[in-house]
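Worksheet: one structure, shown below.
The values are calculated or read from the model by the stated rules, or taken from the named source; none is laboratory data. What you see is a predicted model, and the numbers here were worked out from it, not measured in a lab. Here the Cβ positions follow ideal geometry from the backbone for every residue, glycine too, while neighbour counts run over all protein chains shown.
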Amino acid sequence: MGRFIVVLCGVLLAACVSERVVLLPAADGRPGAVVVRSDGAEQVLAAPYAGAVRRAGSYSPYQSSAAEVEALFAAALAAQPPRVAHFVVYFVEGGDTLTPESLAEFDRIKAALQSRPAAEILVTGHTDRVGSIEANDALSLRRAESVRQALVAAGLPERAISVAGRGEREPAVATADEVAEGRNRRVEISVR
């Protein structure tokens, strides 16, 4: 039995029995592609389960399937870490208090985070464009810190949680200066 390698990139699996490359569908539905090169020739795999098998030094195209990938790569697929998860919570204007809707959603988020072993969590605070840049930088960091403290209180290890404040620099919705926009008053939580 040969060795196998799992490389995820758009989502790609490569196995070295007869050398086989199969492009898997992305979890979010976005299209992906990979170029397989050998001995000056190349194959472009641009559809889910498109594959290439190396025989006699060159790759030949073939069409794989979900069933074949599961049969050949079950152990490798099972060993993959969970995909990055993203969550967003929103804040009441001018402070670090969650909106009632986000407060209700936060319990679900904490439970999801606790179920991921050895998670690395990035908490990034944002603001709308009301106020000065300096004040919004400080407010975005306060929002991120308040979410971190709530996650730590829920039992997540503080050392696994990094925080950043982006102020008004990365709005979810573009607005003019001094325009209040609730979708910009947020904290994004990324977990890997």
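Observations on the structure shown:
- Only one of the listed residues (101, 158, 134, 93) is in contact with a Lys or Arg (Cβ under 9 Å, 6 or more places away or on another chain) and surrounded by fewer than 13 Cβ atoms within 10 Å (Cβ to Cβ). That residue is 158.
- Within the set 142, 108, 159, the sole residue that is in contact (Cβ under 8 Å) with a residue 24 or more places away in the chain and more than 30 Å from residue 49 (Cα to Cα) turns out to be 142.
- Of all the listed residues (123, 152, 69), the sole one being modelled with pLDDT of 95 or more and either among the β-branched types (Val, Ile, Thr) or surrounded by fewer than 13 Cβ atoms within 10 Å (Cβ to Cβ) (or both) is 123.
- Taking each residue of region 29-42 that is at positive phi and surrounded by fewer than 11 Cβ atoms within 10 Å (Cβ to Cβ) and looking for partners that are in a loop (DSSP other than H, G, I, E, B) and not charged (D, E, K, R) with beta-carbon atoms closer than 9 Å, six or more apart or interchain, yields 39/57.
- For region 111-120, the set of residues classified as touching a residue at least 24 places away in the same chain (Cβ under 8 Å) and either assigned to a loop (DSSP other than H, G, I, E, B) or buried (at least 18 other Cβ atoms within 10 Å of the Cβ) (or both) consists of 113, 116, 118, 119, 120, listed by residue number.
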